[in-house]
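Everything on this sheet refers to the single structure shown next.
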Amino acid sequence: MTTSGVPSYNYSGYSYNNYQNDMLNSSSWKEKAEQEAENIKNSTTNKTSSTSSTSSTKDTGIKVNSSASTSTFLLGYQSTLEDLEASAAKLQSTAKDNVFSKYEQAVADLEKNPNSEEYQKKVDQAINDVVAAFKDFADKYNNTLDYLSNNQDRGSGIVAQLESFKRMMPNEKTMKALGMSYDASGKVKVDEEALRENFEKDPSYIKDLMGGQFGIAERIGDKATSVLDSSVDKIIGSNGSSSDGTNSASSSSSASASSSKKASSMSDSFLQFASFAKSGAYNLSNYYAVSMLNMLV
């Protein structure tokens, strides 16, 4: 049977003509999804202000509504993880342009010119950059916890990732040595005054704890990278899968490779599904989307 010269096929009550109409009307849905993703990105990048020497991060309340598309959630999570990954790289001693190397260079220059006010100012600025990097890292880490905590209903993998990120951080004693601590909900706080005092007293110790091999920044950065490189099923937790893809701290080769990354791109399978889901209302609702998820494992 034909309609206006175009054959009309019907499979389980869904006609070819209906498919054409859905594809033609999908542009507004796509624009809405993209706008939601942009709003999420803007929310995750907002910095919290502090009126005291203690850095605090308020609950951003970031949540992708359960009725929103999976692709929108994935895009928001991608942005959150990439921000965390980039923030961690600034504190990794083996990463390019890390704050510790800049501080050491400033100190070396001052030692050659001990009476130079210009070089003293550079040292002071380098210390300020270290403190700022610590506070930014805490903000990005807390934002990641917020994002996962507010979207736990999306799958078991989200819960597993939330707990895994928490396990990447050290105990209270180690945090105190850095000038950091946890609040009642497990969020990271930075006491700027304590951090400055500890860093000026023993910068090498602070550098090793935070930025050295297997240090806090590397562990968190590696975790963000491993999630970005995971399949959709592992991220969401489909079929009971866990996404706790924590890299082993005993693998020095893995640590060396990950520390050279400034930022990670999403895995092909991750982006493939996001692109597929955004391509049209029919694609999102069609049962083939389910089989595609299974293929991405």
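Read-outs throughout are calculated quantities, based only on the coordinates presented, and are distinct from any laboratory measurement. Predicted, not measured: the structure shown is a model, and the values here were computed from it. Please note: Cβ atoms are built from the backbone with ideal geometry, for glycine as well, and neighbour counts cover all protein chains shown.
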Order of Lys234, Lys121 - criterion: other Cβ atoms within 10 Å of each residue's Cβ, fewest first: Lys121, Lys234
Quarter of the Cα convex hull surface for segment 70-265, i.e. its orientation-mean projected area (nm²): 11.6 nm²
Asp97-Ala184 FRET efficiency (beta carbon distance; Förster radius 41 Å; 0.05 resolution): 0.70
For the pair Glu163 and Lys121, the simple spin-label estimate (label points 7 Å beyond Cα toward Cβ) gives in nm 5.3 nm
What nm value, rounded to one decimal, do you get for the distance between Lys201 and Lys173 when each label is placed 7 Å out toward the C-beta? 1.6 nm
Of Lys90/Lys234; Lys90/Lys135; Lys90/Lys173, pairs whose Cα-Cα distance is over 20 Å: Lys90/Lys234; Lys90/Lys173
